[in-house]
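Okay, so here's the structure we're looking at.
Read the figures in this text as sums done on the coordinates, not as results from a lab. These numbers were taken from a predicted model, which means no experiment stands behind them. Because the Cβ atoms are built from the backbone with ideal geometry, glycine has one as well, and the counts that use them run over all protein chains shown.
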Amino acid sequence: MSQRLVTSSDDSRIELCPAEISPQRLPAHVAVIMDGNGRWAQSRGLPRVMGHRAGVEALKATLRRCSNWGVKALTAYAFSTENWSRPGDEVNFLMTLFERVLERELQALEAERVRIRFLGDLEPLPARLQSLIQEATKRTASNDGIHFNVCTNYGGRHELVLAARRLAERAASGELDPSEIDEQTLAGELFTAGEIDPDLLIRTSGEHRISNFLLWQLAYAEIHVTDVLWPDFDREALVRAFLDYQSRTRRFGGLVV
Ligand code: FPP
């Protein structure tokens, strides 16, 4: 929270793609489950919420690295539909944190040509956050840089239910013939419509779960799990994730020939 994207003194702003990573085989779209903020803080004797604050710094550095190295889209799981069940103080802290981050970083995101979008059911969010989201989305919509998707009040099952409902409505109104519904039609009703599917999913803090994240979109993603807690996710951790990704043979259900 202390540094702005533009004025940041960390090295991620000017870094080029590390030599050990093949720029031709970069994941075009990286998705991240930023887990371990609470544990990071608790292990330092700090309140859990300080971990979320540190997590923002890790996210900013990861976004800039992905952008500098040539990744086209970064999608981060910031708040799930299940996260409302956390203690009220933590939920309020997170909502205020999202507002502050947007207020402070919008200019920098614009300057760095980032296109930001918030994916999820945004209506239950505080009104002030909703209007900041609208402004950020509008002001960066025509940017030609990295696509930065922040999943907020996002749940993969809920997203699929909304898509099914929308397709049913379109069919009921006669706009859509049910027999013409295919994967593309359904994908077009998801929050991620128009975005390519993630190639790589990174999950920090050692949990081997998808946790209701991008259930449809992750169908063929390579999964990299690291024990690193999200606030400690640095350049080295990102390089390791990309090297792991580049060591995989992607078959998409077919055979290697
Ligand atoms: C999971 O750690 C992390 C979250 C629920 C919040 C992550 C949000 C951010 C880093 C802020 C992003 C903000 C914007 C606007 C881009 P956890 O609390 O589940 O950690 P634990 O597993 O150790 O308890």
Residue in the range 66-94 that is nearest to the chain's Cα centre (by Cα), counting only those that are within 12 Å of the ligand (Cβ to nearest atom), surrounded by fewer than 16 Cβ atoms within 10 Å (Cβ to Cβ) and in a helix (DSSP H, G or I): E82
Looking only at the range 172-198, which residues are without any contact (Cβ under 8 Å) to a residue 40 or more places away in the chain and closer than 9 Å to Q217 by Cβ? A187, L190
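So is G120 more than 11 Å from the ligand (Cβ to nearest atom), of a type outside the set (A, V, I, L, M) and touching a helix residue (DSSP H, G or I) at 6+ places or on another chain (Cβ under 9 Å) or not? Steps first, answer last, please.
Working: more than 11 Å from the ligand (Cβ to nearest atom): yes; of a type outside the set (A, V, I, L, M): yes; touching a helix residue (DSSP H, G or I) at 6+ places or on another chain (Cβ under 9 Å): yes.
Taking the combined requirement at face value, the residue satisfies it.
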Looking only at the range 25-50, which residues are surrounded by 21 or more Cβ atoms within 10 Å (Cβ to Cβ), closer than 17 Å to F93 by Cβ and more than 6 Å from the ligand (Cβ to nearest atom)? W40, A41
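Taking the residues in the range 129-182 that are part of a loop (DSSP other than H, G, I, E, B) and of a type in the set (A, V, I, L, M) as candidates, determine which candidate is surrounded by the most Cβ atoms within 10 Å (Cβ to Cβ).
Going through the range 129-182, the residues part of a loop (DSSP other than H, G, I, E, B) turn out to be 141-146, 155, 173-177, 181-182.
Then drop every residue that is not of a type in the set (A, V, I, L, M), which leaves 141, 146, 176, 181.
On the way: A141: 10, I146: 25, L176: 16, I181: 16.
So the residue we want is I146.
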Exactly one condition in (1) farther than 23 Å from I116 by Cβ; (2) polar (S, T, N, Q); (3) within 16 Å of the ligand (Cβ to nearest atom) is false for N153; which is it? (1)
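Would you say R115 is closer than 24 Å to L229 by Cβ, of a type in the set (D, E, K, R) and within 16 Å of the chain's Cα centre (by Cα)?
Here the answer is no, as R115 does not meet what is asked.
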Being surrounded by 20 or more Cβ atoms within 10 Å (Cβ to Cβ), more than 8 Å from the ligand (Cβ to nearest atom), without any contact (Cβ under 8 Å) to a residue 60 or more places away in the chain and at negative phi narrows it down to one residue among V56, V114; which is it? V114
